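Below is one structure, written out as structure tokens; comments come after it.
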Amino acid sequence: MAARGQFSTRIGFILAAAGSAIGLGNVWGFPTNVASNGGAAFVLVYLILAFLLAYPVLMVELLVGRHYQSNPVNAYRKLTGNIIGTIVGIIGLLTVSMILSFYAIVGGWIVTWCLHYFAMALGMTDAANWLVAFGNTRNVIFTIIFFVLTAAIVRNGVSEGIEKWSTRLMPLFFLIIVLLIIYVATLDGAGAGFRAYLTPDFSIITDPELIINAMGQAFFSLSLAVGTMLVYGSYISKKENIVSLGIWVAVLDISIAIVAGLLIIPAMYVAQANGVQIYNEAGSLISSDGLLFSVLPSLFETMTSTAIIVPIAFFTLMIIAAVTSSISMLEVPVSFAIENHNLTRNKATMLIAGSILLISLIIVFNFGSLFGLVITATTEWSQPLLGLVISIFAGWLWHRNNILEEIKQGNPDAASGLFFKIWPWYIKFVCPALIALMFWRSL
């Protein structure tokens with residue numbers, strides 16, 4: 001069996017894990033949730049629940065991953081000592097693979113929009129129009145391109161692939177989003193967007209619907225329950241303080257969601273000030289995909305030709321967000337293939353990427369019936385149920401002394417720290433109850 005990879009630096013892990021969590025859901029899913037659920041009130045509730053729910057579950061995955069030094073199937077089998085753990089691990093592998101299958105399609109669309117604006121800048125109008133016209137040929141070509149890009153990074157391993165590209169792409173992501181926020185802030189209508197985003201209406205903070213939606217966003221924003229954080233945790237050195245690493249990842253992910261809102265919400269109001277429709281006929285906010293591929297492009301069209309760099313920068317930002325998440329998703333089944341079937345990393349990456357690509361192509365050719373179904377089955381059903389089971393595993397089956405010994409690796413004083421005094425009982429009682437409530441309410 002090939003030797004396990006390991007992150008070579010602390011910042012490398014933080015940026016890779018943050019890149020996994022900072023995906024399309026954060027950059028356009030979170031702002032859409034904000035706009036649909038009371039603006040700043042949603043932001044406030046989200047911040048509270050992100051630390052009350054998402055961070056504790058994140059620590060489960062990181063701790064289990066580093067303790068057992070293996071993929072989800074092996075880790076959960078060892079934790080439970082029976083076939084139930086194996087089944088949960090396999091369901092996690094299947095779930096993350098299915099998420100990647102539709103994620104790659106959307107990633108391909110983002111690449112086409114970025115190229116669309118390049119083509120427009122070069123006066124290639126026909127090519128530009130083809131790039132953004134929905135069709136099987138376009139979808140197949142760019143889904144394949146997105147998979148090739150993802151696989152090219154994963155096949156180079158942890159330190160030379162995932163870590164190296166995360167430490168390159170994430171700083172670029174931060175730079176682009178800050179520059180775009182500064183630019184949007186100068187446009188007419190942005191002020192109203194900032195006010196809606198930053199001024200909470202405290203009267204709606206206790207609205208059950210808002211709370212449930214914020215809880216769901218907090219849980220899903222950290223890429224939890226499907227094995228990505230567990231696998232990344234298995235690549236953390238035993239010398240590192242895993243509790244502080246988890247805090248850094250959570251804070252960075254939540255911060256980026258908040259910063260993304262500072263870009264998207266004002267941009268929506270700028271679009272509205274320019275006559276772009278951001279609400280449908282029923283008075284509801286246009287859905288996330290409509291926001292990304294309709295509202296914002298309509299805003300870009302109101303700009304002068306000299307501002308072509310803005311949409312190019314925006315969709316470059318989105319490509320980075322998509323790729324840093326997709327490499328973490330692909331790494332989960334790849335790590336399983338390497339460790340359980342003794343494949344080389346190159347062979348495992350090509351085999352797994354090719355298999356998931358076939359699923360993506362099936363979805364492309366049956367788009368109307370499968371695309372929405374796969375999204376619902378994975379993100380609304382499988383993920384929360386996996387999160388519930390994983391919390392139960394860690395809270396009820398993993399011995400408290402084993403947890404303490406793992407935390408003490410890199411943090412000798414863990415027993416007297418606040419984290420260990422609260423986290424074990426919290427993950428035992430509170431997290432399962434909250435996740436169960438979220439799942440029940442989503443049905």
**OP:** Would you calculate a helix-derived [θ] at 222 nm for the chain, using -39,500 (n - 2.57) for each DSSP H run of n ≥ 4 and dividing by the full residue count, to the nearest 500?
**Re:** -22500 deg cm²/dmol
**OP:** For Lys164, go through the aspartates and glutamates and keep the ones whose alpha-carbon is under 16 Å away, minus same-chain ones fewer than eight residues off.
**Re:** Glu331
Original post:
Taking 0.36 nm per residue of separation and subtracting the Cα-Cα distance, what length does fully extending Asp188 through Asp126 add?
Top reply: 19.2 nm
**OP:** Could you tell me which of the pairs Lys347/Lys428; Lys239/Lys421; Lys238/Lys347 are separated by over 31 angstrom between their Cα atoms in the structure shown?
**Re:** Lys347/Lys428
Subject >> Cut-off under 5 Å, modelled amide H: who pairs with Tyr279 long-range >> reply: Ile286
Original post:
Zone of Ile90 (label point 7 Å along Cα→Cβ, backbone N under 19 Å): which residues in the range 29-71?
Top reply: 71
Subject >> the range 408-425-the range 157-232 distance, computed between alpha-carbon centres (Å) >> reply: 29
Subject >> Candidate aspartates and glutamates - alpha carbon under 17 Å from Lys408, same-chain residues fewer than 8 apart omitted >> reply: Glu61, Glu240
**OP:** Output the DSSP H helices from the chain with an along-axis C-alpha extent of no less than 15 Å and a mean Kyte-Doolittle hydropathy no less than -1.0.
**Re:** 10-21, 55-68, 83-121, 136-154, 164-184, 208-221, 242-273, 309-341, 345-365, 431-442
**OP:** Using 0.36 nm per residue of separation minus the Cα-Cα distance, give me the extension gain between Trp440 and Leu358 in nm, one decimal.
**Re:** 26.2 nm
Subject >> Förster-model FRET efficiency, 56 Å R0, Ala415 and Glu209, C-beta, rounded to 0.05 >> reply: 0.85
Original post:
Expressed in nm to one decimal, what extension gain is obtained for the pair Thr9 and Asn340 from 0.36 nm per residue of sequence separation less their Cα-Cα distance?
Top reply: 116.5 nm
**OP:** Could you sort 7-14, 374-381 so that the peptide with the highest average Cβ count within 10 Å comes first and the rest follow in order?
**Re:** 7-14, 374-381
**OP:** Starting from the Cα of Leu47, move 7 Å in the Cα-to-Cβ direction to define the label point; list residues of the range 182-221 whose amide nitrogen is under 14 Å from there.
**Re:** 197-202
Original post:
Which of the peptides 166-176, 252-262 is most tightly packed, and how do the rest follow, judged by the mean count of other Cβ atoms within 10 Å per residue?
Top reply: 252-262, 166-176
Subject >> Normalised contact order of the range 10-379, rounded percent, pairs of Cα under 8 Å and 6 or more residues apart >> reply: 38
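Here, each number is a calculation from the coordinates, and none is a lab measurement. Source: prediction; values computed, not measured. Neighbour counts are summed over all protein chains in view; Cβ atoms, including those assigned to glycine, are modelled from backbone coordinates with ideal geometry.
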